Amino acid sequence: MSIFDLFSKRLKREKGQLPDIYDYNSLPRELRVQIIHIISDAFGDAQNDIYCRAYKTYDDINRILCREFGVFHLLGKENRPDTSIFNFFLSEESIERSLDVVEVCFNKIYYFAINNAQAHFPRRRLDPLDAIHQLNYRFKEHAVGYQFESGQIVRIDSEFIHAEAVKPVLAVLRDSKFKGANEEFLKAHEHYRHRRFKESVVEALKAFESTMKTVCHLRGWKYDSEAPAKKLFITCRNNGLFPAYLESQFNHLIGALENGIPTIRNKNGAHGQGMDPIPVPEYLVRYALNLTASTILFIMEAHNNTK
């Protein structure tokens, strides 16, 4: 089932009435209902059949959420797990817990998509990949600053940077050889979404360093496994990963990295903070994540295009 561009929506666009600033603190009811429609279409009708694959999937999701939220029931004692999940989602005020519901549901959809398991849902009306596409479209349509990428909800602050850096990085890091870097990069975004800013910066740096270590390992270059970002970057450069004529540009880039990601991590994340907690500003974390994404993408493209 495709998305229908209604007359009222086109009229709002023509009048410039659509929001152009992302909201991170609420999920409009209209969006929640649309998300429920997407999930229902992706799994198909559960009915009241405990042997139905859709029913079993909803039951699994319900159990996961109850366990993680530390409750016995999401909302009272619902007879059907899909009803319990959807009623909870419609009434939950916490944006974090609401997004948890979306993430768990679409993580299942994502799993079925990459494992070609959609054939087990004979009543489904929407392909898993189309469901993910529609979710991200609805987020964007309502100017809600989140997207579902690589199995989890990530926060986006700039649509351009997300499209040109973050999303491509998540795509290239899916290679099993870069599993460690991928996990760390996703953890960085998970911490960022939950406003655990120090942890986010630390994981971003780990992802950056893990990417370079993996490249060095795959190419048989000697490197110190405990080396900081700057030395790893220089090892890659000295072994010809980057063209020699870009020497000056790389020196500037290394300088930016020295005063960017590594410095942020070293000063605000990896060392003791004494008696008084050291706050890490959100804009600084956003900068670190964006710079990490751009640099990892640069390294991966050099690795894939350099003999």
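Every read-out reported here was derived from the displayed coordinates using simple, explicitly stated rules and does not represent laboratory data. Quantities reported herein were computed from a predicted structural model and do not represent experimental measurements. Cβ: placed from backbone, ideal geometry, glycine included. Neighbour counts: every protein chain shown.
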Of Lys187/Lys230; Lys77/Lys187; Lys108/Lys213; Lys167/Lys222; Lys140/Lys231; Lys77/Lys167, those spanning more than 28 Å from alpha-carbon to alpha-carbon: Lys77/Lys187; Lys108/Lys213; Lys167/Lys222; Lys140/Lys231; Lys77/Lys167
Using the Cα centre as the reference, give the magnitude of the dipole from point charges on the C-beta atoms of the stretch 34-137 (Lys, Arg: +1; Asp, Glu: -1; all else neutral), rounded to the nearest 20 debye. 340 debye
Interchain or sequence-distant (5+) residues whose placed amide H lies within less than 5 Å of the amide H of Asp23 are Val144, Gly145
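Show me the trypsin sites (Lys or Arg not before Pro) within the stretch 35-144 that DSSP assigns to loop and that have at most 12 other Cβ atoms within 10 Å of their Cβ.
Qualifying residues, ordered by number: Lys77.
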Extension gain, Lys140 back to Ile114 (0.36 nm per residue minus Cα-Cα distance, nm): 7.0 nm
Give the residue list of GluC sites (Glu not before Pro) in the stretch 127-236 that are DSSP loop and have at most 11 other beta-carbon atoms within 10 angstrom. Glu226
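Assuming R0 = 45 Å, can you tell me the calculated FRET efficiency for the pair Gln47 and Phe298, based on Cβ-Cβ distance, to the nearest 0.05?
After rounding to 0.05, the efficiency reads 0.35.
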Sequence order, the stretch 229-243: Karplus ³J(HN,Hα) from phi using 6.51 cos²θ - 1.76 cosθ + 1.60, θ = phi - 60°, Hz rounded, Gly and Pro as x, gives 4, 4, 5, 5, 5, 5, 4, 4, 5, 5, 8, x, 5, 10, x
